[in-house]
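Right, one structure below, let's go through it.
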Ligand SMILES: [Fe+2]
């Protein structure tokens, strides 16, 4: 499996606090069957604004050397969880190699948990015009996408991709996010499952349990693609054409096996 979203680099953000925690996280990931990790520290999110973005690469080289010493066989790539900012396109033109995932044409975009700003469709369009395929980080944790899945459908239809957190499948973020991730998956609005690992405790880097839960809903083959085949397109920088067309929630809501959280809430 390939984990495309993990805060494993030591001392950069609210993820691993030091090298010892990074090593323990890598060990957990390896035990779970993860063979490659893209290290994705928060970028442009208030306190996580680095003067020199090459620090991501430096920390990754340090960690890779230590993993080698400890014989923890995990391939490490660099990336970022890019919080939306007003001058994002300028930042991409200046720092593209630091912001994209594994130096590919894919880039994470992170929305605030309770907000999706008005111009989001323009931004997605602008990103794609720059040759970037935006990957929306954990939409099932955003209250706007939870209650307006049509917006996620529209963005995916435009060409954006979406990554769900493993913890959402196991109830880590509450019942709304759990129902949302399952209904989004049923609507073919999720293309990757990643750990969003931050530590060795509740937010540890594990994928296998989430993959099993996804398989219960969409079958083994599709679930495996979410943690293995699809993420490999990113680390190999290959074009990715989703195998399943996105389904419009507005027309399909009543047929869903898993209720959308907005219906769930009206009960
Ligand atoms: Fe994250």
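Taken together, the values in this text are just the output of simple stated rules run on the coordinates, not laboratory data. No experiment lies behind these values; they were computed from the predicted model shown. Cβ coordinates were reconstructed from backbone atoms using ideal geometry, including for glycine residues, and neighbour counts include every protein chain displayed.
Using the per-residue mean of other Cβ atoms lying within 10 Å as a proxy for protection, in what order, highest first, do the peptides 214-224, 33-43 fall? Don't skip to the end; give the middle numbers.
Details: 214-224: 15.6, 33-43: 23.3.
Output ranking for 214-224, 33-43: 33-43, 214-224.
Using alpha-carbon pairs under 8 Å, 6+ residues apart, how would you state the relative contact order of the chain in percent?
On the way: 515 pairs, mean separation 53.9, N = 267.
RCO, the chain: 20 percent.
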Exercise. When N counts the residues of the chain, how does its alpha-carbon radius of gyration compare numerically with 2.2 N^0.38 Å, as a ratio?
Worked result: 0.95
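What list do you get for 27, 7, 233 if you sort them by fewest beta carbons within 10 Å?
By the 10 Å Cβ count, ascending: 27, 233, 7.
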Problem set entry | Principal-axis tilt of helix 120-129 within the chain, Cα atoms, nearest 10 degrees | 50
Problem set entry | Degrees separating the helix 54-69 axis from the principal Cα axis of the chain, which is the longest one | 70
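If you scale each eigenvalue of the Cα gyration tensor by 5 and take the root, what three semi-axes come out for segment 187-267, rounded to whole angstrom and sorted largest first? Mind showing how you got there, number by number?
On the way: eigenvalues 121, 74, 27 Å².
Equivalent ellipsoid semi-axes, largest first: 25, 19, 12 Å.
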Seminar exercise, completed: Distance in Å, no decimals, from the C-alpha centre of segment 51-119 to the one of segment 148-208 is 19
Problem set entry | Degrees between helix 175-186 axis and first principal axis of the chain (Cα, 0 to 90, nearest 10) | 80
Exercise. So how do 59, 254 line up by other beta-carbon neighbours within 10 Å, fewest first?
Worked result: 254, 59
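Provide 66, 135 in ascending order of the number of other Cβ atoms located within 10 Å of each residue's Cβ, fewest first. If you can, show how the numbers build up before the last one.
Details: 66 16, 135 25.
Ascending Cβ contact count within 10 Å gives the list 66, 135.
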